[in-house]
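Notes follow the structure.
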Amino acid sequence: MTFSGSLQAMRRPRIAHARRRPRRTPAWWRDAVGISCWGSALVVVALWVSGRGVQNLATGPADLLTSLGRLSGLVAADLLLVQVFLMARVPAIERSYGQDELARRHRLVGFWSFNLLLVHIAAILVGYTLRDHSDLVRETWSVVTTYGGMLLAAAATVALTLVVVTSVRAARRALRYESWHLLHLYAYVGVGLSVPHEIWTGADFTTSPLARLYWWSAYGVAAAAIVLYRLVLPVWRTVRHGLTVRDVIHEAPGVVTVQLGGRGLHRMPVRAGQYFVFRFLDGPGWSRGNPYSLSASPAPDQLRVTAKTAGDGSGRLARLRPGTKVAIEGPYGRLTAERRVTDRVAMFACGIGITPLRALLEELAYRPGNAVLVYRAHEAVDLVFRDELEQLARRRGITVHYLLGRRTPKRNSWLPESAWNWSDADAMRQLVPEIEQYDVYVCGPDRWMDAVCAAARADGLPDGQLHQERFSW
């Protein structure tokens, strides 16, 4: 392929060094996590049965509703803990699923938990109303004001409702990432405020030693995971590696690269294709973390990230000064070499989605002629790392295709408008012949990735060779 533009020296030369690679994730970890989550719900149902939950269904309408309310509340609480645990950044779970899939499962489990919580509240209140021959409003007031922990439980319900409402797709689109992330932390408040109600008034908690053992263990494990992996480990890595900003480079219109220096980064289990949550300690707003992918293979004393300066968080990158200290969470993500199954690689990038794929092209092992990069952008000026990519291509024998132009109208396609007469699958087969013999890595906007993945599958690519990670929230 003929490249346009002059070649320049790469800003970050390749450094030969030995890194400590993370161990390969055992395939059975994923199954073990799924079985454990389902098993926890079965344990809760078994505890409800042992507490005469089934027998109470046949003793009258009041007891039937109360017993169903107990069951729905117990399962809702269990799913809430599962939801928290899934997003605790436990390395074994994160490497087995990836944060994009965990986020989807977290959202699904959260909606089920909230719906069951509503069933719990309605069934308990109506059941108590029938039992006491009262009216619903008076009974609700009595329960909230006289039962132990119920005021806290009501506050927990409000907090969880706020989280659920802001998790709806329309609400997420209307909120900035930083605001959404802050509101989402109220889930932890909801979990904490619900505990006293269960301890003081939960029939299954107060009457069964086995139930108490299970629930204390479940809350203990969830709390320990949050403290260890969301607090202790990030602080330890931040202090241990001492990352600071070394340089800020304007790559293209609205795109900034930040070079970070640190100590002993070869001891950090990070790979090309992964990302960190960064907090730049440069003044007000430092506490809001933003996820950025590495845009170069990690070195023993240097990391590099590149981002589009779109939101408030990424917009701050352009104003960073050398010497600014950096707090990190991570590394996260499984868009890495670990998932490869063939000796060929094809990379499909759109826009700023080139960042993790550029790092992978540098780190992955492949023979000359066994790597293809397809890079989609609106126009030539938007091609980030063009000089670096062309130098990599010359040195390592990568075939590079630039696809420039506006979107194809009236069709969700990964091709530009100039290729309107091509089908997505035919164009992919033309650019990457025998694509079924490649590992395909994809990164870009969601709809564009959907189109690429659909075309790859239509061309016969097995799902096990299609690697993607979604960074939308």
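The values are calculated or read from the model by the stated rules, or taken from the named source; none is laboratory data. The model shown is predicted, which means the values in this text are computed figures rather than measured ones. Cβ coordinates were reconstructed from backbone atoms using ideal geometry, including for glycine residues, and neighbour counts include every protein chain displayed. To get the accessible areas, we keep the full protein, side chains included, count just its heavy atoms, and leave off ligands, DNA and RNA. Shrake-Rupley method; radii C 1.70, N 1.55, O 1.52, S 1.80 Å.
Residues that are in a helix (DSSP H, G or I) and farther than 25 Å from Gly369 by Cα occur in segment 434-447; there is at least one.
Pairing residues of segment 259-281 that are free of Cβ contacts under 8 Å to residues at least 60 places away in the same chain with residues that are assigned to a loop (DSSP other than H, G, I, E, B) and of a type in the set (S, T, N, Q), at Cβ distances under 6 Å and at least 6 apart in sequence or on separate chains, gives Phe280/Thr324. Pairs are defined by a Cβ separation below 7 Å, a sequence spacing of at least 6 or placement on different chains, a first member in segment 46-75 that is more than 20 Å from Leu130 (Cα to Cα), and a second member that is open to solvent by 60 Å² or more (accessible area, probe 1.4 Å) and modelled with pLDDT under 90; the pairs so defined are Leu47/Leu210; Gly51/Thr207. Restricting attention to segment 323-354, the residues being among the aromatic types (Phe, Trp, Tyr) and under 23 Å from Leu243 (Cα atoms) number 1. Of the residues making up segment 119-158, just one is under 27 Å from the mean Cα position of the chain (by Cα) and open to solvent by 40 Å² or more (accessible area, probe 1.4 Å), namely Val158.
Yes or no, residue by residue, for (1) within 15 Å of Gly330 (Cβ to Cβ); (2) modelled with pLDDT of 90 or more; (3) buried (at least 18 other Cβ atoms within 10 Å of the Cβ); (4) not hydroxyl-bearing (Ser, Thr, Tyr):
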| residue | (1), (2), (3), (4) |
| --- | --- |
| Trp215 | no, no, yes, yes |
| Leu233 | yes, yes, no, yes |
| Arg237 | yes, yes, yes, yes |
| His241 | yes, yes, yes, yes |
| Val245 | no, yes, yes, yes |
| Val248 | no, yes, no, yes |
| Val256 | no, yes, yes, yes |
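For the structure I just gave you, tell me whether Trp414 is aromatic (Phe, Trp, Tyr), open to solvent by less than 20 Å² (accessible area, probe 1.4 Å) and in contact with a Lys or Arg (Cβ under 9 Å, 6 or more places away or on another chain). Taking the combined requirement at face value, the residue satisfies it.
Against the numbered list (1) charged (D, E, K, R); (2) modelled with pLDDT of 85 or more; (3) open to solvent by 40 Å² or more (accessible area, probe 1.4 Å), Arg304 comes up short only at (3). Residues in segment 341-355 that are touching a strand residue (DSSP E or B) at 6+ places or on another chain (Cβ under 8 Å) and over 27 Å from Ser418 (Cα atoms) were compared, and the one that is least open to solvent (accessible area, probe 1.4 Å) is Thr342. Remark: Val452 falls outside the filter, which requires a residue to be in a loop (DSSP other than H, G, I, E, B), surrounded by 14 or more Cβ atoms within 10 Å (Cβ to Cβ) and in contact with a strand residue (DSSP E or B) (Cβ under 9 Å, 6 or more places away or on another chain). Looking across segment 307-354, the residues that are acidic (Asp, Glu) and modelled with pLDDT of 90 or more come down to Glu329, Asp343. Condition test on Ala318, is it open to solvent by 30 Å² or more (accessible area, probe 1.4 Å), aliphatic (A, V, I, L, M) and over 20 Å from Met449 (Cβ atoms)? Here the answer is yes, as Ala318 does meet what is asked.
Taking segment 25-45 as the region of interest, how many residues are touching a residue at least 12 places away in the same chain (Cβ under 8 Å) and over 21 Å from Leu71 (Cβ atoms)? Residues meeting the conditions: 4.
Filtered by the rule that a residue be exposed (fewer than 15 other Cβ atoms within 10 Å of the Cβ) and part of a helix (DSSP H, G or I), segment 459-473 gives Asp463, Gly464.
Whether any residue in segment 135-158 is assigned to a helix (DSSP H, G or I) and in contact with a Gly (Cβ under 6 Å, 6 or more places away or on another chain) is what I want to check. Scanning segment 135-158 turns up at least one residue that is assigned to a helix (DSSP H, G or I) and in contact with a Gly (Cβ under 6 Å, 6 or more places away or on another chain).
Of the helices (runs of 4 or more DSSP H) lying entirely inside segment 1-107, those carrying at least 2 residues that are modelled with pLDDT of 85 or more and open to solvent by 30 Å² or more (accessible area, probe 1.4 Å) are 28-50, 61-86. Picking from residues in segment 421-448 that are farther than 20 Å from Thr342 by Cβ and touching a residue at least 60 places away in the same chain (Cβ under 8 Å), the one that is farthest from the chain's Cα centre (by Cα) is Trp448. Cβ-Cβ contacts under 6 Å between residues 6 or more apart (or on different chains), taken from a first residue in segment 214-236 that is in contact (Cβ under 8 Å) with a residue 24 or more places away in the chain and assigned to a helix (DSSP H, G or I) to a second residue that is surrounded by 18 or more Cβ atoms within 10 Å (Cβ to Cβ) and aliphatic (A, V, I, L, M), are listed as Ala218/Leu81; Ala222/Leu81; Ala222/Val84; Ala225/Ala88; Ala225/Val90; Ile226/Ala88; Tyr229/Ala88; Tyr229/Val90.
For segment 383-404, enumerate the residues that are of a type outside the set (A, V, I, L, M) and open to solvent by 50 Å² or more (accessible area, probe 1.4 Å). The answer is Gln391, Arg394, Arg395, Thr399.
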